[in-house]
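Following: one structure in structure tokens, then a few remarks.
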Ligand code: SF4
């Protein structure tokens, strides 16, 4: 594992935090250029379509739930296609104006 990759994974882990009501926050957010990506891990069912489309960007953790790897390493069109491939709409993408680009 590359150093940058390890740092990214550590950063992703930090984004899963305990919310104010004591429940686990199961969303992961990542900014990629002008895009804001969110994985709702409560919706993810681990089919892996996003991983198939962009393995540099997504992987399944040990619970078979999607996490970010290095989405910034994927060209925009393929990243959007990977996000849109999710069959349960667990990945959302918004632009700076708040418009939804995926799903
Ligand atoms: S495509 Fe959707 S359901 Fe499948 S692993 Fe990715 S986020 Fe989870």
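Computed from the coordinates by the stated procedures, all read-outs in this text should not be read as laboratory data. On a predicted model such as this, the values are computed, not experimentally measured, just so you know. Reconstructed Cβ throughout: ideal geometry from the backbone, glycine too, with neighbour counts over all protein chains shown.
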>> Report D for region 24-66 in µm² per second (integer): Stokes-Einstein, Kirkwood Rh on Cα pairs, 37 °C, 0.692 mPa s.
In response: 298
>> Starting from 0.36 nm per residue, how many nanometres of slack lie between residue 34 and residue 81 once their C-alpha separation is accounted for?
In response: 15.3 nm
> When a footprinting reagent is the concern and you count Cβ atoms within 10 Å, what order do 74, 88, 32 take, fewest first?
Replying inline: 88, 32, 74
>> Just to verify a number: FRET efficiency for residue 62 and residue 95, C-beta to C-beta distance, R0 = 41 Å, to 0.05?
In response: 0.80
